[in-house]
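This report refers to the structure that appears directly beneath it.
FYI, it's all coordinate maths here, none of it is from the lab. Quick caveat, the model's predicted, so the values are computed rather than measured. Positions of Cβ are generated from backbone atoms using ideal geometry, with glycine treated the same way; all protein chains shown enter the neighbour counts.
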Amino acid sequence: MNEDTAAAERLASGPRNGNDGAMKTSTAARTNGTNGRISRRTALGAGATVAAGVLLGPQLLAGATASRKVVVWSEGTANVDPGSKGIYPNDINTAIADGLKPLEGRGWVIVKASLNDPDQGLSDALLEQTDVLIWWGHKKHGQVKDELVAKIAERVKAGKMGFIGTHSAHFSKPLKKLLGTACSWREYVADGTSAEIIVKEPNHPICKGVKNFRLPQIERYGEPFAVPTPEAVPLDGIYTRPDGKTEPGRMGLCWTIGRGKVFYFTPGHETYNDYHRPEVRRILINAVEWAAPSSPSPAQGQ
Ligand code: ZN
């Protein structure tokens, strides 16, 4: 039982009629909020619900008010490698998490995780609370334990968590496990190529508030990309090589795997500042909300 459920059960078992009941409940909720165990919004919502005399079971009440959690995982190399540590001194998970801050105002909790953390950053307890997992890796894919990968894939397929892989995470174990293909591109070239990122499906939730934009430098990932046919490609792209030649490359691809949503975003090479750019941050915010399970998972509601 988590704190939300505990609070909800206290509400459900307490007096419900009259001002006395509402006041006691509000006080209890405020106390919990002060301790940081349930949010202010939860406390206010719970107080108002009881004051209005609406009877809700503990699960309904907890489910209606539970916050959602996005975990941003990276492998701890971008902050160490000489070519990237100046851009990502606190690793890429920090840069991505900073860009997601607006989600906090919409009930999201943002958690950073690293391969270097205990349990490789994802304990069973954390994973069971995670609605969306964002993954960046490059040099240490092989170190991620297969047991953890299996748990991630299982949770996505069960519709309990969305998964977002970005850039070199195309070769990450979780993405390969979910998509079931090699997930390789034809080539990988960082030669001063630039790219126009094109909003191909303006009505797709991932493109909300996003217009075409240019990345002055990008590592060119040459098509074809060995993945299953995506259900949507909301973001397309045109690479321009140093010699002026252009070629297409998909930049944002969506799948539904089992009952879970998966998004892959092509930019994000560690020596470029993509994750500090407002357009990229907007896309990742949108992707988190798109990938989130449509209702809170049982792990959160009970
Ligand atoms: Zn790269």
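If amide H atoms are built 1.01 Å from N in the plane of the peptide, which residues on other chains or at least 5 residues away come under 5 Å of the amide H of His269?
Those qualifying (amide H under 5 Å, at least 5 residues apart or on another chain) are Glu219.
Go through segment 175-191 residue by residue and turn each phi into a ³J(HN,Hα) via Karplus (6.51, -1.76, 1.60, θ = phi - 60°); whole Hz please, and just put x for glycine and proline.
So the J values, rounded to whole Hz, are 5, 5, 5, 5, 8, x, 10, 5, 6, 8, 9, 5, 8, 9, 9, 10, 10.
Using the Karplus curve 6.51 cos²θ - 1.76 cosθ + 1.60 with θ = phi - 60°, work out ³J(HN,Hα) for each residue of segment 85-95 in order, rounded to whole Hz, and write x for Gly and Pro.
Per-residue couplings from phi come out as 5, x, 8, 10, x, 10, 6, 6, 4, 5, 5 Hz.
At a Förster radius of 25 Å, what calculated FRET efficiency corresponds to the Cβ-Cβ distance of Lys85 and Gln217, to the nearest 0.05?
Using R0 = 25 Å, I get an efficiency of 0.90.
Residue separation times 0.36 nm, minus the C-alpha to C-alpha distance between Ser123 and Thr246: what's the value?
Separation in residues times 0.36 nm, less the Cα-Cα distance, equals 39.9 nm.
Give the peptides 97-110, 211-224 in descending order of average Cβ contacts within 10 Å, highest first.
Packing proxy ranking, top to bottom: 211-224, 97-110.
Can you list residues from other chains, or at least 5 along the same chain, whose modelled amide H is less than 5 Å from the amide H of Tyr188?
Long-range HN contacts for Tyr188: Gly222.
Counting Lys and Arg as +1 and Asp and Glu as -1, what is the net charge of the other residues whose Cβ lies under 12 Å from the Cβ of Gly159?
Local charge sum for Gly159: +3.
How long is the gain from Ser184 to Glu201 if the chain were fully straight, where each residue apart is worth 0.36 nm and the alpha carbon distance is subtracted?
Here the segment from Ser184 to Glu201 would lengthen by 3.7 nm.
Report, by chain and number, residues whose modeled amide H sits under 5 Å from the one on Ile164, excluding near sequence neighbours (fewer than 5 apart, same chain).
Leu133, Ile134, Trp135, Phe263
Just add up the charged neighbours of Ser172: K/R +1, D/E -1, any other residue whose Cβ is under 13 Å from the Cβ of Ser172.
My count for the surroundings of Ser172 gives +4.
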